[in-house]
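*Asks:* Here's a structure for you.
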Amino acid sequence: MTEKRDISTQQMAEIKENFEFFDRDSNNEIDLGEFTKLLRVISPTATVEQAQKGFEYIDENQDGHIDFDEFIAWWESCWWEY
């Protein structure tokens, strides 16, 4: 992914709010199921295969979860591509 840009306090709060909304079990990570729901909100025609591919791309450390740092990098760089 691309390098993080400077994020204002307000932008960071908005990103955190979005992350927490989709982190349904409040474990500070987004799993594949949660990401699939997120993707369907921003791209209603997204397929399960697209969700899987996007999830794998965002999960940079390949631990099976998207943590907040990974989410920020994705949100700031390319979420609109989905």
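*Asks:* For the range 28-49, name all the residues that are more than 18 Å from Glu60 (Cα to Cα) and outside any helix (DSSP H, G or I).
*Replies:* Ser43, Pro44, Thr45, Ala46, Thr47
*Asks:* Which condition number does Ile66 fail, the rest of (1) among the β-branched types (Val, Ile, Thr); (2) modelled with pLDDT under 95; (3) under 14 Å from Asn18 (Cα atoms) being met?
*Replies:* Answer for Ile66: the failing condition is (2).
*Asks:* Run down Ile7, Ile15 and say which single residue is at pLDDT below 95, surrounded by 13 or more Cβ atoms within 10 Å (Cβ to Cβ) and in a loop (DSSP other than H, G, I, E, B).
*Replies:* Ile7
*Asks:* When the range 41-52 is examined, which residues are found to be surrounded by fewer than 16 Cβ atoms within 10 Å (Cβ to Cβ) and over 18 Å from Ile72 (Cα atoms)?
*Replies:* Pro44, Thr45, Thr47, Val48, Glu49, Gln50, Gln52
*Asks:* Moving on to the next point. Return only the number of the condition from (1) assigned to a helix (DSSP H, G or I); (2) within 27 Å of Thr9 (Cα to Cα) that Glu56 does not satisfy.
*Replies:* Unmet condition: (2).
*Asks:* Under 7 Å between Cβ atoms, which residue pairs at least 6 apart in sequence (or on different chains) link something in the range 26-42 that is of a type in the set (D, E, K, R) with a partner that is surrounded by 14 or more Cβ atoms within 10 Å (Cβ to Cβ) and part of a loop (DSSP other than H, G, I, E, B)?
*Replies:* Once the first residue is of a type in the set (D, E, K, R) and sits in the range 26-42, its partners that are surrounded by 14 or more Cβ atoms within 10 Å (Cβ to Cβ) and part of a loop (DSSP other than H, G, I, E, B) give Glu29/Asp23; Glu29/His65; Asp31/His65; Glu34/Asp23; Arg40/Ala46.
*Asks:* Moving on. Determine whether Glu70 is at negative phi and surrounded by 13 or more Cβ atoms within 10 Å (Cβ to Cβ).
*Replies:* Answer is yes for this residue.
The values are calculated or read from the model by the stated rules, or taken from the named source; none is laboratory data. The shown structure was predicted, so the numbers you read here are calculated from the model rather than taken from an experiment. FYI the Cβ positions are ideal-geometry reconstructions off the backbone, even for glycines, and counts take in every protein chain you see.
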